[in-house]
Structure formats: structure tokens, C-alpha cells
Amino acid sequence: MASDVILETRGLVKQFFGFVAVDQVNLKVRRGQIHALIGPNGAGKTTCFNLLTKFLPPTSGQILFEGEDITREKPAQVARRGMIRSFQISATFAHLTVLENVRVALQRELGTSFHFWRSERTLDVLHERALELLDTVGLRSFAGTVTVELPYGRKRALEIATTLAMNPQLMLLDEPTQGMGHEDVDRVTQLIKKVAANRTVLMVEHNMNVVASIADTITVLARGSVIAEGPYAEVSKNPQVLEAYMGSEATELQGAHG
């Protein structure tokens with residue numbers, strides 16, 4: 001059913017001075033799923049993400065969110081529609097506390113995001129909701145910690161909390177476990193699974209164990225084109241996918257769910 005699709009691209013193309021980075025990508029993200037976008041380095045995953053969230057304009061093609069054409073909209077417009085992304089690089093306020101970071105993200109609910117002259121006390125009404133979000137991501141005990149002092153994996157969890165504060169219908173996570181040790185990867189993987197229980201997640205991810213354990217649908221890109229799509233068990237055996245990854249990466253792809 002069409003109403004099951006929350007995000008769709010039709011013939012999406014992005015060229016940079018003649019180089020085709022994204023080539024005729026047709027993507028359908030279904031409501032309530034964790035959908036992973038994977039592919040070898042240079043496959044066009046991040047470019048595709050930047051097109052979806054309007055940080056780049058497409059050369060041609062269409063992007064539809066909730067059935068409405070958002071191809072020409074600005075990043076702030078699609079964010080207001082409920083399509084919220086995280087970035088590869090940590091994007092928190094380093095010298096605010098963990099709780100203050102979440103309260104800032106919640107300010108949109110008050111409609112005072114740009115009322116810089118207002119007292120900080122006006123944010124007190126957001127205190128309980130902020131603590132609830134910190135509970136969700138396992139950070140309540142870190143509420144008073146200055147963010148710069150958080151371990152890397154906990155910072156990523158805080159980013160997920162600030163993303164949740166925007167009440168997204170669709171969360172786009174760009175390399176959520178990049179640069180983490182095993183313990184942090186496991187924690188963030190379980191966290192993504194938890195927050196996806198009542199919303200849709202589209203993620204770019206290199207870690208095949210993460211993708212194998214939580215993704216419902218996987219789209220594989222290579223040289224800007226979709227070469228396979230389906231559940232992990234299916235795409236990990238696809239000859240085109242194995243050829244695209246080659247060598248050690250292909251071994252990792254096959255062994256991730258073994």
C-alpha cells in the first residue's frame with residue numbers, strides 16, 4: 001500500500017561537474033521499519049542522505065515525504081515536517097550539560113527557540129520531558145555532566161535524545177556507530193532498536209553486524225546506483241553485492257549474521 005511508504009525517491013540523480021554520484025535511485029522507506037543504506041566507500045550513501053535532507057539539491061528526480069513532493073524544500077522545512085537527521089560528526093553543545101542539550105532541543109515545543117532575551121527559567125517547564133528522554137537513552141545519571149566530559153558512545157546516545165526531542169516521524173542516522181568500541185556499538189544498536197519501536201529509521205551504517213541485527217530492509221548502493229534491496233539474509237548472498245564489496249569487506253558482509 002502506498003500509505004505504508006513514508007519516504008520515496010523517484011529517479012534521484014546528483015551530478016558534480018559531470019561525475020554521477022547518485023544515479024537513478026528509487027528508494028521506498030516503509031513506515032515503522034529500520035531501513036539501512038549500505039555500500040562500499042564512495043557508493044554515494046552520504047550524498048543520497050544529503051539529498052533526502054535537502055543539504056544538496058538533486059540534479060533530477062523527485063523526493064516525496066508522506067506522499068508530498070519535498071524536492072525543492074529547504075532543510076528547515078523538511079525538519080518541520082518531522083524528518084530529522086543526525087550527522088557523522090558529533091553535534092552537541094560541548095559546554096552545556098547533558099540535560100541542557102536536551103532542553104534546548106525541546107524549545108521548539110515552546111515556540112521560543114529564537115527568543116534569546118528570555119530567562120533560562122522559561123525552560124524549566126521542559127525539565128521533566130528532558131529527563132524522560134534521557135531515561136529513554138540511558139543517560140539520566142549523566143544529566144548534570146558537562147557534555148564535553150561524556151565518553152564518545154554516550155555522546156552519540158545524547159544526539160539520539162536531542163533528535164527524539166524534535167518528535168521525528170522519520171529519523172535519519174548517519175553512521176551512528178562510527179568510531180566506537182564494541183561495548184558502545186552494542187549499546188547504541190540496542191538504543192536504535194528501542195527508539196524505532198514506534199517510529200521509522202533510515203540509517204547509513206558501515207558496521208555489518210549492526211545492520212544484520214536490526215535492519216528490516218537493506219538497500220545496497222554501488223557507484224551511485226541501487227544494486228540490491230531486501231532483508232539482510234538475501235542481500236548478503238547477492239553476487240553483485242559481494243562483487244561490489246570484494247575481499248575482506250565481502251567476508252565481513254557474509255559473516256555478520258553467521
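The values are calculated or read from the model by the stated rules, or taken from the named source; none is laboratory data. Please read these numbers as outputs of a predicted model, since none were measured by experiment. When we count neighbours, we look across all protein chains shown, and the Cβ atoms used for this are built from the backbone with ideal geometry, even at glycine.
Being assigned to a helix (DSSP H, G or I), closer than 19 Å to L158 by Cα and modelled with pLDDT under 90 is the filter here; which residues of the stretch 70-99 pass it? Result: A79, single match. Evaluation of N41 against the conditions (1) at pLDDT below 90; (2) within 27 Å of Q178 (Cβ to Cβ); (3) surrounded by 14 or more Cβ atoms within 10 Å (Cβ to Cβ); (4) of a type in the set (S, T, N, Q) shows that the sole unmet condition is (3).
Determine, yes or no, whether V29 is at pLDDT 95 or above, closer than 22 Å to P176 by Cβ and either aliphatic (A, V, I, L, M) or out of contact with any helix residue (DSSP H, G or I) (no Cβ under 8 Å at 6 or more places or on another chain) (or both).
Working: at pLDDT 95 or above: yes; closer than 22 Å to P176 by Cβ: yes; either aliphatic (A, V, I, L, M) or out of contact with any helix residue (DSSP H, G or I) (no Cβ under 8 Å at 6 or more places or on another chain) (or both): yes.
Taking the combined requirement at face value, the residue satisfies it.
Taking every residue in the stretch 78-95 that is under 16 Å from I160 (Cβ atoms) and of a type in the set (K, R) and pairing it with any residue that is modelled with pLDDT of 85 or more and not in a strand (DSSP E or B), at least 6 positions away or on another chain, the pairs with Cβ-Cβ distances below 9 Å are R85/F49; R85/L52; R85/T53; R85/F55; R85/P75; R85/A79; R85/T163; R85/P168.
To keep it simple, each residue is scored yes or no on (1) touching a residue at least 24 places away in the same chain (Cβ under 8 Å); (2) closer than 19 Å to E66 by Cα; (3) touching an Asp or Glu at 6+ places or on another chain (Cβ under 9 Å).
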| position | (1), (2), (3) |
| --- | --- |
| L7 | yes, yes, yes |
| R10 | yes, yes, no |
| V22 | yes, no, no |
| L27 | yes, yes, yes |
| R31 | yes, yes, yes |
| G39 | yes, no, no |
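Listed by position, the helices (runs of 4 or more DSSP H) inside the stretch 118-228 whose residues that are in contact (Cβ under 8 Å) with a residue 40 or more places away in the chain and under 30 Å from V25 (Cα atoms) number at least 1 are 152-165, 182-195, 208-214. Under the condition of being more than 11 Å from the chain's Cα centre (by Cα) and of a type in the set (V, I, T), the residues counted in the stretch 187-214 number 6. Among the residues of the stretch 237-256, none qualifies, meaning not one is buried (at least 20 other Cβ atoms within 10 Å of the Cβ), modelled with pLDDT of 90 or more and part of a loop (DSSP other than H, G, I, E, B).
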